[in-house]
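Peer 1: Attaching a single structure in structure tokens format; questions to follow.
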Amino acid sequence: MSHFPEFEVIPAVDVQDGEVVQLVGGERGTGKRYGDPVAAAERWVDAGAGTLHLVDLDGAFEGERVNADAIESVVEAVGGDGADGVGLQLGGGIRTAAGARELLDLGLDRVILGTAAVETPEIVAEIDDTHPGSVVVSLDAKDGEVVVSGWTEGTGLDPAEAAARYEELGAGAILFTNVDVEGQLEGIDRGAVASVVDAVDIPVIASGGVASVDDVVALKTAGAAAVVVGTALYEGEFTLREAQAAADGS
């Protein structure tokens with residue numbers, strides 16, 4: 001599951017207080033609500049999604065998993081090994097190897113570690129030992145440096161250097177988010193993505209700022225293995241099928 005067979009457009013299902021929400025620029029309280037997570041997940045699967053990107057937003061800010069029930073309901077509804085099961089990756093509040101393993105055993109395919117990977121890098125190798133290829137390390141960049149703790153704290157790390165370090169530790173993929181452009185439908189920073197792609201051999205999933213089908217194609221051209229799209233899909237800027245078709249060149 002850790003490698004995307006072909007470039008993939010991945011809808012985001014960000015959950016806050018049990019509902020789907022899209023934040024603007026990573027700021028708490030800026031969210032627009034889009035209803036029930038299971039309904040959203042089923043809608044994207046019906047629209048052809050092969051993978052869903054789940055985020056426990058409260059978990060990302062609180063440092064513990066807050067929306068476990070909602071996430072579990074999504075896993076039960078659309079995950080698993082059945083014919084209709086899609087790939088599921090979850091981030092937000094996963095801070096320990098034990099917690100990550102529990103989620104992977106529950107039916108998630110990949111866990112996304114952000115703050116935990118920066119604070120205790122060895123956790124990446126620990127999870128990879130029992131669930132190879134299942135760790136996605138999330139690098140959020142603001143003004144060209146990696147930020148943690150719900151985007152509030154700078155680390156001084158260069159995203160490309162950090163990506164290479166986590167690849168060595170056993171990360172199966174890198175999720176690279178440009179916080180500067182997130183949720184604002186203003187377009188992407190292609191150069192920033194390309195530099196991270198060039199630094200590693202593992203897949204790089206790009207996220208943040210996708211406003212148009214052209215942005216999706218540009219990220220593919222930059223070498224990303226997949227792109228996570230939230231606001232643009234929920235706001236109907238384009239459909240999942242349109243984006244995937246453009247990326248496939250059809």
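The values are calculated or read from the model by the stated rules, or taken from the named source; none is laboratory data. Note that the coordinates shown come from a computational prediction; the quantities given were computed from them, not determined experimentally. Here Cβ is always computed from backbone atoms with ideal geometry, including for glycine, and neighbour counts include all displayed protein chains. All accessible areas refer to the heavy atoms of the entire protein, side chains included, with ligands and DNA or RNA removed. Shrake-Rupley method; radii C 1.70, N 1.55, O 1.52, S 1.80 Å.
Peer 1: Give me the number: length gained by fully extending A125 to A98, i.e. 0.36 nm times residue separation minus the C-alpha to C-alpha distance, one decimal in nm.
Peer 2: Values: separation 27, 0.36 × 27 = 9.72 nm, distance 1.25 nm.
In short, 8.5 nm is gained.
Peer 1: Can you pull the semi-axes for the range 160-250, root of five times each eigenvalue of the Cα gyration tensor, sorted largest first, whole Å?
Peer 2: Working: eigenvalues 109, 37, 22 Å².
Over the Cα atoms of the range 160-250, the semi-axes work out to 23, 14, 10 Å.
Peer 1: Something else: Taking every DSSP beta bridge that has both residues in the chain, what percent is antiparallel when rounded to the nearest 5?
Peer 2: 25 percent
Peer 1: I've got another one for you. Under 10 Å, Cα contacts only: if you run a Gaussian network model on the chain, which one of D36, D109, D69 comes out with the highest mean-square fluctuation?
Peer 2: Highest fluctuation of the listed residues: D69.
Peer 1: Could you work out the Kirkwood radius for the chain, taking every pair of different alpha carbons, averaging 1/r and inverting it, reported in Å? Don't jump to the answer; show the numbers that get you there.
Peer 2: Numbers: mean 1/r = 0.0572 Å⁻¹.
This gives a value of 17.5 Å.
Peer 1: For S134, what is the net charge nearby, where nearby means another residue's Cβ is under 12 Å from its Cβ and Lys, Arg count +1, Asp, Glu -1?
Peer 2: On the way: positive: R101, R110; negative: D105, D109, E126, D128, D129.
Charge balance near S134 sits at -3.
Peer 1: With contacts defined as alpha carbon pairs under 8 Å and 6 or more residues apart, what's the relative contact order of the range 184-250 in percent? Could the numbers behind the result be given before it?
Peer 2: Details: 85 pairs, mean separation 22.9, N = 67.
That works out to 34 percent.
Peer 1: Can you give the FRET efficiency to the nearest 0.05 for E145 and D214, using r as the Cβ-Cβ distance and R₀ = 35 Å?
Peer 2: Working: r = 27 Å, r/R0 = 0.78.
E between E145 and D214, to the nearest 0.05, is 0.80.
Peer 1: Just grab the label-to-label distance for E168 and L106, each label 7 Å out from Cα along the Cβ direction, in nm (one decimal).
Peer 2: 3.3 nm
Peer 1: Looking at the chain as a GNM with Cα springs under 10 Å, which of V213, V136, V228 has the largest mean-square fluctuation?
Peer 2: Among V213, V136, V228, the largest mean-square fluctuation in the Gaussian network model of the chain belongs to V213.
Peer 1: Carbon and sulfur together cover what percent of the accessible area of the range 92-250 at a 1.4 Å probe radius? Let's see the in-between values first.
Peer 2: Values: 2750 of 6120 Å².
Taking all protein chains in place, the range 92-250 shows 45 percent carbon and sulfur surface.
Peer 1: Report the calculated FRET efficiency for D46 and S73 (r = Cβ-Cβ distance, R0 = 30 Å), to the nearest 0.05.
Peer 2: Values: r = 17 Å, r/R0 = 0.56.
In this case the efficiency is close to 0.95.
Peer 1: Using a basic spin-label model with each label point 7 Å from the Cα along Cα→Cβ, how many nm lie between D201 and E161?
Peer 2: 2.3 nm
Peer 1: Turning to a different aspect of this structure: If R0 is 35 Å, what FRET efficiency do you get for E242 and A39 from their C-beta distance, rounded to 0.05? Mind dumping the intermediate values first?
Peer 2: Numbers: r = 21 Å, r/R0 = 0.61.
With R0 = 35 Å, the Cβ-Cβ based efficiency is 0.95.
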